[in-house]
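> Here it is, the structure in full.
We did not get these values from a lab; they are worked out from the coordinates using the rules stated. None of these values were measured; they are calculated from a predicted model. Cβ atoms come from the backbone with ideal geometry, glycine included; neighbour counts cover every protein chain shown.
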Amino acid sequence: MKAVLMDAFGSVDVLRIGEAEKPVPAEGQVLVKVFATSINRPDLVQREGKYPPPAGDSEILGLEVAGVIEALGAGVTGWHVGERVMTLVGGGGYAEFAVAYACHLMRIPESMNYEEAACVCESYITAFLNVFMIGEFKDSQTAILHGGGGGVNTAAIQLCRALTPASKLIVTASPAKMERVRELGADFLINFHETPDFTEVVKEYTNKKGVDVILDHVGAKYLAPNMNSLGYKGRLVIIGVVSGIKAELNLALMMVKRQQIIGSVLRSRPVAEKGEIIAEFTRRALPKFTDRSIVPVIEKVFTLDQVADAHRMMEEDKHFGKIVLRIQ
C-alpha cells in the first residue's frame with residue numbers, strides 16, 4: 001500500500017511517499033480503507049523522534065482516520081464490511097489502509113464527509129475527555145481554554161457551546177486568530193503576546209471568583225497564572241508541556257482552595273479504557289455532529305503527496321482548526 005514513510009527522524013524533509021506492507025487486522029480489530037486523516041501536533045513530535053508509538057502500534061504517522069471497513073478481524077461483531085467509520089489509531093493513519101480496534105470505531109453520520117470525519121477523533125475526543133469527563137465542566141461554569149486556533153482548542157470551544165451553552169469561555173489566542181476565536185464562541189479573549197500573566201484580567205472578568213476548569217497544553221510557563229486563576233475546587237487539566245516540564249507550585253494555595261492538577265494523555269491509554277471514552281463521546285457528543293450543531297473547522301485539505309506542506313503549515317502555526325490529509 002502507499003504510505004508516508006521516514007528513513008530517519010528530523011524536519012519535514014524526512015517525509016516521503018513509499019510502499020509499506022498492508023496491515024492485517026488482529027483479533028478484535030478491523031482493517032479500514034483510509035480516505036482521509038488529519039495532522040496533529042503529536043505527529044510532528046513523533047517525526048522528530050520524541051514521541052514513539054505505543055508498543056505494537058504502527059510506526060507510520062497518523063492518529064485518526066476516516067474511511068470504510070475493508071475487513072473484519074476474528075471476534076468482531078456489530079460491524080460490517082463497507083460501513084463508513086472514523087476511529088482513533090495508535091499509528092498508521094498516513095496510509096491507504098490502517099487497523100483499528102472495533103471498540104474504537106464510530107459510524108460517520110450521513111451528514112459528514114470523510115474530510116470532516118477525519119477531524120473528529122483525536123482533537124474532539126481529547127477536548128471532550130479533558131474538559132467534560134476529567135474536568136467535569138458543567139453548564140453555567142467558566143473555563144479557560146489555552147491554544148487559540150489549534151485543533152484541540154477549537155474543538156473544545158465548539159463542544160462547550162453545544163453541550164454547555166450557558167457556560168463562559170475565556171480563550172487565550174494570538175492577535176491574528178482572536179477574531180475567528182470570538183466568532184467560534186469565546187466570551188472573553190486574552191492576547192497571550194501582550195498578557196502572558198493573565199491572572200489579573202481573569203480575576204476582573206470573574207469578579208475575583210476564578211474559573212472552574214482550565215485546559216492547558218503550555219505547561220511550566222503557565223502553571224502559576226493557571227493556579228492563580230482557578231477558583232475554589234477548580235481543576236487544571238494539563239495535556240501538553242510545550243513551554244517546559246518544571247515549575248514552582250504554591251502548595252498552600254492549592255490546599256486552601258482545594259484545587260486539582262490533573263495530567264492527561266489519550267494515545268497511551270489501554271484499549272478498553274479508550275473504548276469507554278469513545279462510547280461516552282458517541283453518546284453525548286456525536287449527535288451534535290449528526291445534526292450539524294458542530295461542524296469541524298478545517299483550515300485546508302492536502303493530498304498525500306503534500307504531506308510535507310501540511311506539516312510545515314502546522315509548524316508555522318498558520319492554521320485555524322484542523323489540517324486534513326486526503327489519502328484516496
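> Grab the beta carbon distance between residue 293 and residue 318, set R0 = 35 Å, and tell me the FRET efficiency rounded to 0.05.
0.80
> Mind grabbing the base-10 log of I(q)/I(0) for the chain at q = 0.07, 0.08, 0.11, 0.16 Å⁻¹? Debye formula, identical points on the C-alpha positions, no solvent, two decimal places.
For the requested q values the scattering log ratios are -0.28, -0.36, -0.68, -1.35.
> Considering only DSSP beta bridges whose two residues both sit in the chain, what percent are antiparallel, to the nearest 5?
In the chain, approximately 55 percent of DSSP beta bridges are antiparallel ones.
> By how many degrees, between 0 and 90 and to the nearest 10, does the Cα long axis of helix 151-163 differ from the longest principal axis of the chain?
70 degrees
> Measure out, as a whole number of angstrom, how far apart the alpha-carbon centroids of region 263-328 and region 77-141 sit.
8 Å
> In the structure displayed, which of 50/322; 2/274; 50/318; 50/274; 246/322 lie more than 25 Å apart, Cα to Cα?
2/274; 246/322
> Does region 124-263 classify as rounded, prolate or oblate by the C-alpha gyration tensor (a ≥ b ≥ c root eigenvalues; a/c under 1.5 gives rounded; else a/b over b/c gives prolate, otherwise oblate)?
Because its axes are fairly even, with a/c under 1.5, region 124-263 counts as rounded.
> Taking a cut-off of 18 Å between Cα atoms, list the lysines near residue 168, but don't count ones fewer than 8 places away on the same chain.
138, 203, 208, 209, 233
> Mind ranking 18-30, 93-105 by how tightly packed they are, going by the mean number of other C-beta atoms within 10 angstrom, highest first?
Packing order, densest peptide first, comes out as 93-105, 18-30.
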